[in-house]
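Rule-based calculations on the coordinates, nothing more; no lab input. These numbers come from a predicted model, not from an experiment. Heads up, the Cβs are rebuilt from the backbone with ideal geometry, glycines too, and the neighbour counts pull from every protein chain shown.
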Amino acid sequence: MEWALPAIALVVLAYAAVSRRLARTPITAAMVFTAAGLLAGDSVSGLVDPNPSGETVKLLAEATLAVVLFSDAARIDLRALREELRVPARLLGIGLPLTIAAGFVTAMLMFGSLGWPEALLLAVILAPTDAALGQAVVTLPSLPSRIRQGLNVESGLNDGLCVPVFVVVLAIASTEAGIATKSHAARILVEEIGYGTLFGVAAGALGAAVILLAGTRGLVSRSWLQVVPAAAAALAYSSAAAVGGSGFIAAFIGGIVFGGVRRRIGGEVGYLMEEVGALLGATTFIVFGATLLEPALDDLGWAVAGYALLSLTVVRMAPVAIAMIGTGMRPPTVAFLGWFGPRGLASIVFAVLLIEAPGELPHEGTLLTTVFLTIGLSVLLHGLSAAPLARRYAAWVGSHPRLQPESGEVREVRWRTELPSG
């Protein structure tokens, strides 16, 4: 609709006008933008097109995740993160696979009609976390840096790790549903991963070469240095997608290559990427509320609501508790790490890709409704609880100064591209 873009721009401007004041309240940016989307949807004002399969929705969601994946991957520096790898390594290496397994089992139990590929697909879509939805948890200075950075690094990497898993599981689900033959699905799978990796490496290396060769010779102005990673991300995604590869795999691989090579000369060239990612993220949550969450609320059922609640609690928290065995961390720390696994941007994009995939899975409507409700609940519950629980946990750690596993200091590294805040 012709008023969709003006409505989105007005919401962003309105939030910007009071962003500093809202930063001191439990109201998060994601809550504001999602609520604004609900008001702009078909049931209220009708300002935003309610069709979730529209090209605009697809392009916006994919562009946002591509920018975030490239930006997060470009920050990977194992030497700088050596002291803080203990927490995120366990969350990613143990917690993430167990979360997918727990989500799969729960889906099979809650939805008797789902086939196992669909249940596994639901678990994968809801596995990535989005630290921006609980921003106070990763920005509050009084929180132990090891815990804060552990959640931040986990959020920055698990969406990229889940992309190839999503591609594989979607191919299996399509084959089982008779949408694609095994040979066709296998060919698509090889092309998506192979071309995604190839073009990601090429785009990341080219972007880094511009920084190393032209930048060190003073041939590039400071402002245009900020454009280079954005252009490299766009090149990685678009070139891979043009030949049938996964643009998201390309963006993540490209970011790893770009960051690894560019880091040799130091300096920060990611400011523009962060700002672009923040703006795209804000717009995505407005569109999510209007085109995805609002229709899903009409199809709400007990099984969907039950799975959404379990996904945010037991499915996430039990695997985290298992992952933290042997670290010496106390129950309040384990519970804090487990609760703050918000579902956000990556899950939205995976759902949009499911909508856009050729053919339709037998229970696709149930999968999408469950995903959208889970994200909506996460936006609300994690947003409201982030600041008060973070302060309470910080006070608890402060009263127990001998909690070395929790309170060890690590180097600060900003990972997750955040929504605009004060």
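Based on the alpha-carbon gyration tensor of segment 268-337 and its eigenvalue square roots a ≥ b ≥ c, which shape applies: rounded if a/c is under 1.5, prolate if not and a/b is larger than b/c, or oblate?
Oblate.
Calculated FRET efficiency, residue 109 and residue 214, Cβ-Cβ r, R0 51 Å, to nearest 0.05?
According to the calculation, E is roughly 0.35.
How big is the charge dipole of the chain about its Cα centre, in debye rounded to the nearest 20, if each Lys and Arg gets +1 on its Cβ and each Asp and Glu gets -1 on its Cβ?
1880 debye
Output the peptides 21-31, 199-209 sorted from most to least packed, where packing is the average of other Cβ atoms within 10 Å over each peptide's residues.
Ranking, from highest mean packing down: 199-209, 21-31.
At 7 Å along the Cα-to-beta-carbon direction for both residue 325 and residue 396, put a label point, then send me their distance in nm to one decimal.
The answer from the label model is 2.1 nm.
With a point put 7 Å past each Cα toward its Cβ, work out how far residue 142 is from residue 299 in nm, to one decimal.
4.4 nm
Highest mean first, what order results for 245-252, 282-289, 189-196, 310-317 on Cβ atoms within 10 Å?
245-252, 282-289, 310-317, 189-196
Among 220, 280, 166, whose Cα sits farthest toward the positive end of the charge dipole of the chain (+1 at Cβ of Lys/Arg, -1 at Cβ of Asp/Glu, about the Cα centre)?
The one lying farthest along the dipole's positive direction is 220.
Residue separation times 0.36 nm, minus the C-alpha to C-alpha distance between residue 221 and residue 183: what's the value?
Between residue 221 and residue 183, full extension yields 8.7 nm more.
Taking only DSSP H segments of four or more residues, each worth -39500 (n - 2.57), what value at 222 nm results for the chain once the sum is divided by all its residues, to the nearest 500 deg cm²/dmol?
-22000 deg cm²/dmol, from helical runs alone.
Can you tell me how much longer the chain between residue 355 and residue 261 gets when fully stretched, taken as 0.36 nm per residue apart minus their C-alpha distance, in nm with one decimal?
Contour length minus Cα-Cα distance gives 30.2 nm.
Starting from the 7 Å offset along Cα-to-Cβ, what nm value, one decimal, do you get for the label separation of residue 5 and residue 101?
Roughly 4.9 nm, to one decimal.
Per-residue counts of other Cβ atoms within 10 Å, averaged by peptide: what ranking do you get for 335-342, 103-110, 393-400, 5-12, highest first?
Result, highest mean Cβ count within 10 Å first: 335-342, 103-110, 5-12, 393-400.
For a test of the definition: using alpha carbon positions, the gyration tensor, and the 1.5 limit on a/c, classify segment 223-340 as rounded, prolate or oblate.
oblate
Would you please classify the overall shape of the chain from the alpha carbon gyration tensor, given that a ≥ b ≥ c denote the square roots of the eigenvalues, rounded means a/c under 1.5, and beyond that prolate means a/b larger than b/c while oblate covers the rest?
Rounded, since a/c falls under 1.5.
For the chain, which DSSP H helices look membrane-span-like by this rule: Cα extent along the axis of 20 Å or more and mean Kyte-Doolittle of at least -1.0?
Span-like helices, by this rule, are 4-22, 55-74, 96-110, 145-176, 182-209, 222-242, 247-262, 271-287, 364-398.
Among 244, 376, 134, determine the one that fluctuates most according to a GNM of the chain built with springs between C-alpha atoms less than 10 Å apart.
Largest GNM mean-square fluctuation: 244.
Round to the nearest 0.05 the FRET efficiency obtained for residue 271 and residue 380 when R0 = 41 Å and r is the Cβ-Cβ distance.
E(calc), rounded to 0.05, equals 0.85.
Place a label point 7 angstrom from the Cα of residue 58 along the Cα-to-Cβ direction, then list the residues of segment 109-130 whose backbone nitrogen is under 17 Å away.
No residue passes the distance filter.
Top mean-square fluctuation among 44, 124, 67, Gaussian network model of the chain, C-alpha springs under 10 Å?
Among 44, 124, 67, the largest mean-square fluctuation in the Gaussian network model of the chain belongs to 44.
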